[in-house]
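Asks: Quick one: the structure is below, and I'll ask about it shortly.
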Amino acid sequence: MNKKMIVLAMSLIMLAANSGCGKTDADLQESSESATSMITSQTEASVTESTTEISDATTEAEKSTEESAVKTTEAKTDNVDFISIDGDWYIDGEYDAAHISISSSGNFTAYYANGNIENTGYIKHEAKEKDGVVIYWYMLYTNDDKPYIGFIDDGSERKLDFYVVTGTPVHYVWTSGVGGIADDGRGDEISAEENYVGTWGCGRATLNISGNDDGTYLGKITWSDSAFAYVEWIYPLTYDEESQSMVCDGNAVKTYYECRSEDSEPDATVMYTGGSGSFYEENGVITWYDAEENIGEDMQFVK
């Protein structure tokens, strides 16, 4: 209660006392109750005003604390270096797969499996809150500011692998000391014949070339004819240094498979054996030369 309230209270009490001359007890009681009521009303108003001031001050303090927290979060995300994630990242750690090169300054270049550049851009360290928990993660944006991929920052000093969490959960593995691979997606230590190894596609046809333990290779083409039928070619292959191509000089087999129903095993019809053919790779494109039916004419397979 401030000084004004005290003075007012005293004045009312004195007024009530002075007005008691010639009054009845009932009149005195009424005057006293009136004075008390006025004092109580003024006191309640003062308390309400004080409470409002305290509440406003508390709200301002809370707002200041929230703003401070936001600024702290922004500062943490703005001042992050990218040393823990710099380097070359290959899908599943396979050198013949697509990969991403990340610099410690926060820039990246994404490569197709054939070494051609898919995207370039920059990286931001961002914070998102979920169920009261703040999660930090790295978001890659292309140079035109479009989201590319994102992955969680687990706080490790040297990240060794990550899974993309903004789409298909692709697994990237960090490679150390490879040197030169990030330049073209391959590296000089990868031999010419190994460029053929992997899965390639051309429309409804898929080509897979794999290596055998004896240094030879196996090529398999699967060409869908319908939802219940497909054709398959099997080529035993060797790498020809002179032509730098994969060659089958015989023993290729063509088989037609057809399923009578969704649950049945396919019926196999061998269409020929002893076939020949070859595959030639140039600039990330494989051309198929079928010596039996020339069916591979104008077909080009890419990864």
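Asks: Beta carbons within 10 angstrom, averaged per residue: use that to sort the peptides 233-246, 266-279, highest first.
Replies: Ranking, from highest mean packing down: 233-246, 266-279.
Asks: Continuing with the same structure: Taking the simple approach of a point 7 Å from Cα along Cα-to-Cβ for both Tyr122 and Glu265, what is their distance in nm?
Replies: 6.0
Asks: Simple spin-label model, 7 Å along Cα-to-Cβ: Tyr256 to Ser103 in nm?
Replies: With each label point 7 Å from Cα toward Cβ, the separation is 5.7 nm.
Taken together, the values in this text are just the output of simple stated rules run on the coordinates, not laboratory data. These numbers come from a predicted model, not from an experiment. Please note: Cβ atoms are built from the backbone with ideal geometry, for glycine as well, and neighbour counts cover all protein chains shown.
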